[in-house]
Amino acid sequence: MNSSLQLISIFISFLYGMLFYFLTIILFKLINSLKKIYKHIITFIYVLDISIIYMIIMYNINKGYFHLYFIFMVFIGFIICGLILSKIHVKRYFKH
């Protein structure tokens, strides 16, 4: 895998982490009123689906090469998106 393909994969992983943050907030808002067991089941299925979708995206981008720093970029995108939204107070629209 060449360096330009790695940079594209890193950037896509970062954006996927940000998307993962938004979708997680929306999911928690939607399942807030359910019973605890249903929350756990839906959250498990959600994480499973998000993981499979990420693997499919990465497989289509770089033909199956997968590195650990791609996962780190997903987490960094998730954390940075949470920090940015808490700084600019947009989180009030996505209260859980």
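The values are calculated or read from the model by the stated rules, or taken from the named source; none is laboratory data. All of these numbers come straight from a predicted model, not from anything done at the bench. Neighbour counts are summed over all protein chains in view; Cβ atoms, including those assigned to glycine, are modelled from backbone coordinates with ideal geometry. These area figures cover heavy atoms from the full protein model, side chains too; ligands, DNA and RNA do not enter into them. Shrake-Rupley method; radii C 1.70, N 1.55, O 1.52, S 1.80 Å.
For the chain, lysine pairs with C-alpha atoms less than 15 angstrom apart, excluding pairs fewer than eight positions apart on the same chain, total 4. Using just its DSSP H runs of length 4 or more, each adding -39500 (n - 2.57), the chain gives a mean residue ellipticity at 222 nm of -27500 deg cm²/dmol after division by all residues.
Excluding ligands, DNA and RNA, the accessible surface per residue across the chain is 72 Å² with a 1.4 Å probe. Quantify, in whole percent, the carbon and sulfur part of the accessible surface of the chain (1.4 Å probe; protein heavy atoms only). For the chain, the apolar C and S fraction of the accessible surface comes to 75 percent. Comparing Leu68, Leu83, Leu48 in a Gaussian network model of the chain, where Cα atoms under 10 Å apart are tied by springs, the biggest mean-square fluctuation is seen for Leu68. Residue ranking by accessible heavy-atom surface, 1.4 Å probe, largest first, among Phe44, Phe22 comes out as Phe44, Phe22. What the Cβ-Cβ distance of Ser86 and Lys35 gives, at R0 = 25 Å and to the nearest 0.05, is a FRET efficiency of 0.30.
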